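One structure is given here, and the rest of the page talks about it.
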Amino acid sequence: MAQYLITGANRGLGLEFVRQLLARGDRVIAACRHTARASELNQFSGEYPGRLKVLPLEVADPRSIAELAREVAMLELRIDVLINNAGVLTSGETFGEVEAKALSQAFATNAQGPFLLTQALATQLADKARVVAISSGLGSIERTKRFGTPSYNISKAALNMAVRLLGHALAEREIAVLALSPGWVKTDMGGENADLDVSQSVSNMLKVIDALVFDPEAIGQFLGNGGDPLPW
Ligand code: NDP
């Protein structure tokens, strides 16, 4: 039974990670912005007594990250797998009208947050732990062939760099760090025309995460939900 910490755990992919992990017997710290309003998570707490802890986290706010890290340390929780899942996408951005506010919010949530959270929780990570950042094919510079969702794409490319750097920072403790794309998934963000159901995407990703081991030759990888390497 491993201990997972998942951000953005109240809906979408984050909530599905919590659901599947609890169902298979793992322990979960579910972090989300508004714990009182996270009705599904609060219901899971009743269904899986002692295996789910719901804690507040606004990933774009460094003070909130510090508070979460303090709480995790105070409760003496060791984390085997950290899944940086929370993310934001501003749709409808057009060239000429991209706003600093959207760029900053995307960066703070999608890149700065996962980096600072991983740094803040480093002492609580078990040796040989795994750190995953839910990235996106839209963060691949190589794959970018048109102008679209700039705040999101720029922030996910920055996240990919954060993953590579964190991989090196944590290599001494044989902690594997991975940028993982979920595919295009039917969530509030992905929309209903997406390819994959939430449950399929998460079960695919869990297979990749379960198979992840520290490899000094492959620090900070970027993989798709089938475990296939994605171009940076
Ligand atoms: P959703 O929009 O359905 O859910 C986003 C989650 O992130 C919510 O729990 C939301 O919380 C949380 N969140 C957003 N901003 C913050 C913040 N500042 N602090 C804390 N939590 C925050 O998205 P998905 O479930 O689809 O996305 C999950 C991850 O997967 C994201 O990183 C996304 O970029 C990535 N992804 C998704 C794809 C898809 O097709 N769906 C494709 C590629 C990548 P709240 O309810 O409080 O807003």
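Assuming 0.36 nm per residue, please report the length gained on full extension of the stretch L75 to T144 beyond their Cα-Cα distance. Extra length from L75 to T144 when fully extended: 20.5 nm.
When the GluC sites (Glu not before Pro) in the range 1-84 are filtered for DSSP coil states and for at most 12 other beta-carbon atoms within 10 Å of their beta-carbon, the remaining sites are E76.
Report, in whole Å, the centroid distance computed from the Cα atoms of the range 210-229 and the range 22-40. The distance from the Cα centre of the range 210-229 to that of the range 22-40 comes to 26 Å.
Ligands, DNA and RNA left out, the accessible area of the range 3-223 computed with a 1.4 Å probe is 51% carbon and sulfur. Length gained on full extension, D188 to D228: 11.9 nm, using 0.36 nm per residue less the C-alpha separation. For the chain, the longest principal axis of the alpha carbon atoms and the long axis of helix 12-23 meet at an angle near 30°. Charge dipole (Cα centre; +1 on Lys/Arg Cβ, -1 on Asp/Glu Cβ; no other charges) of the range 3-223 amounts to roughly 80 debye. In the structure shown, the pairs K156/K186; K53/K156; K53/K186 are assessed against 23 Å; a Cα-Cα span above that value is assigned to K53/K156; K53/K186. On a 0 to 90 degree scale, rounded to 10, what angle separates helix 198-211 from the longest Cα axis of the chain? With both axes taken from Cα atoms, the answer is about 70 degrees. One chain, two ends: A100 and Q119. Fully extended at 0.36 nm per residue, the span grows by 4.2 nm beyond their Cα-Cα distance.
Based on Cα contacts under 8 Å between residues 6+ apart, the chain shows a relative contact order of 18 percent.
If you sort the three axes of the alpha carbon gyration tensor as a ≥ b ≥ c, you get a/c under 1.5 for the chain, which makes it rounded.
Taking label positions 7 Å along the Cα-Cβ direction at both E47 and A23, the computed distance is 0.8 nm, reported to one decimal. Rolling a 1.4 Å probe over the heavy atoms of the protein chains gives the chain an accessible area of 49 Å² per residue. Here the sum of -39500 (n - 2.57) over DSSP H runs of 4 or more residues, divided by the residues of the chain, equals -11500 deg cm²/dmol at 222 nm, to the nearest 500.
Ordering T149, L57, G220 by the projection of their Cα atoms onto the charge dipole of the chain, which places +1 on the Cβ of Lys and Arg and -1 on the Cβ of Asp and Glu, puts L57 at the extreme positive end. Each label was represented as a point 7 Å from its Cα along the Cα-to-Cβ direction; for E40 and D127 these points are 3.8 nm apart. Ordered by solvent-accessible area of protein heavy atoms (1.4 Å probe), largest first, the residues R70, R143, R27 come out as R70, R143, R27. Each other residue within a Cβ distance under 14 Å of G137 adds +1 if Lys or Arg and -1 if Asp or Glu, for a net charge of +1.
The values are calculated or read from the model by the stated rules, or taken from the named source; none is laboratory data. Because the structure is a prediction, the values reported are computed rather than measured. Here Cβ is always computed from backbone atoms with ideal geometry, including for glycine, and neighbour counts include all displayed protein chains. Only protein heavy atoms, including side chains, enter the accessible area calculation; ligands, DNA and RNA are left aside. Shrake-Rupley method; radii C 1.70, N 1.55, O 1.52, S 1.80 Å.
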